Amino acid sequence: MGSQDAIICHEFQETVAQYLIRHRSFLDVLSKLQESTARTQRAVAKAITLCGCLEAKASKPQIPPNVVFSDLQAIMDTHLRGELCETCRDVVETEIGHALFYLTALCNLLELDLSTVMQKQMDRIETLGPFYLA
Ligand SMILES: [Zn+2]
């Protein structure tokens, strides 16, 4: 992560700290975080079921027996078709923004530095490579 990214994370964390007044209890923050991730999922589902800009098409992956690991990413399907329209994109971005707000608020309450959390996670991903969350 570059120093510019770390500065943006730090600014974001400071801003969240300034504006988190109403839901200051960690219990409120935890429940608002869960609510915001549920609302993000709902926004994606609505893009499929109400708007129709996205389509879900899922089936069991057909993996050839002698496939090499590096080809798996191309074989594994996202099960998504289409792309977010402008309206749905706005809604999903807003909900992800709310989730980031409460995730950052949790960092603040636990005295965790968001950019350090991100850097450590990036290091883990880079170390484990394609085996991460496999
Ligand atoms: Zn849409």
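Where a number appears in this text, it was derived from the coordinates with a stated rule and is not lab data. In this text the structure is predicted, and so the values were computed from the model without any measurement. Every residue, glycine as well, gets a Cβ built from its backbone with ideal geometry; the counts of neighbours run over all protein chains shown.
General observations
- Rounded to whole Hz, the Karplus (6.51, -1.76, 1.60) HN-Hα couplings of the stretch 65-70, x for glycine and proline: x, 9, 5, 8, 4, 5
- Unit charges at the beta carbon, dipole of the chain: most positive-side option, Q34, L72, L128: Q34
- Protection proxy ranking of 86-99, 68-81 - average other beta-carbon atoms within 10 Å, highest first: 86-99, 68-81
- The Kirkwood radius of the chain, taken over pairs of alpha-carbon atoms, gives through the Stokes-Einstein law at 20 °C and 1.002 mPa s a diffusion coefficient of 121 µm² s⁻¹.
- Unit charges on C-beta of K, R, D, E only; dipole of the stretch 3-131, Debye: 540 debye
- Extension gain, K120 back to Y19 (0.36 nm per residue minus Cα-Cα distance, nm): 33.7 nm
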